[in-house]
1. How many percent of the alpha carbon pairs in the chain exceed a separation of 18 Å?
2. Given LEU43, SER27, THR13, which one lies farthest toward the positive end of the charge dipole of the chain, if we put +1 on the Cβ of every Lys and Arg and -1 on the Cβ of every Asp and Glu?
3. Can you tell me the accessible area per residue over the stretch 15-59, all protein chains present, probe 1.4 angstrom, in square angstrom?
4. Calculate the spin-label point distance for GLU5 paired with THR19, positioning each point 7 Å from the Cα along the beta-carbon direction, and give it in nanometres.
5. Heads up, I need the accessible area for GLU15: 1.4 angstrom probe, whole protein in place, Å², nearest 10.
6. Are there any trypsin sites (Lys or Arg not before Pro) in the chain that are in a DSSP loop and have at most 15 other Cβ atoms within 10 Å? List them by number.
Amino acid sequence: MKVKELKQGDHITQEVNNTKVSFEVLSIQQIGRRFNVTFRSILGVGSTCYQGNACVLIA
């Protein structure tokens, strides 16, 4: 799924230190052609910016 298609409540996964971690999308805000996404996981809460066409893996 493309980042620009994410919605609040979506879950994505990422491999961290050979362990799959699930991230919940708390908020997503478009800033020009980029998107600021705030996630929550067992690692805590954090935000990052992505290009709108970047792909993420939905859990």
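The values are calculated or read from the model by the stated rules, or taken from the named source; none is laboratory data. Quick caveat, the model's predicted, so the values are computed rather than measured. We place every Cβ from the backbone using ideal geometry, glycine too, and count neighbours over all the protein chains shown. Only protein heavy atoms, including side chains, enter the accessible area calculation; ligands, DNA and RNA are left aside. Shrake-Rupley method; radii C 1.70, N 1.55, O 1.52, S 1.80 Å.
1. Values: 446 of 1711 pairs.
When all Cα pairs of the chain are counted, 26 percent exceed 18 Å.
2. Going by the charge dipole, the pick is SER27.
3. Working: 3220 Å² over 45 residues.
Computed with neighbouring chains in place, this is 72 Å² per residue.
4. Simple spin-label model gives 3.0 nm for this pair.
5. So the heavy atoms of GLU15 present about 120 Å² to solvent.
6. Values: sites: LYS2, LYS4, LYS7, LYS20, ARG33, ARG34, ARG40; in loops: LYS7, ARG33.
Sites meeting the loop and neighbour criteria: LYS7, ARG33.
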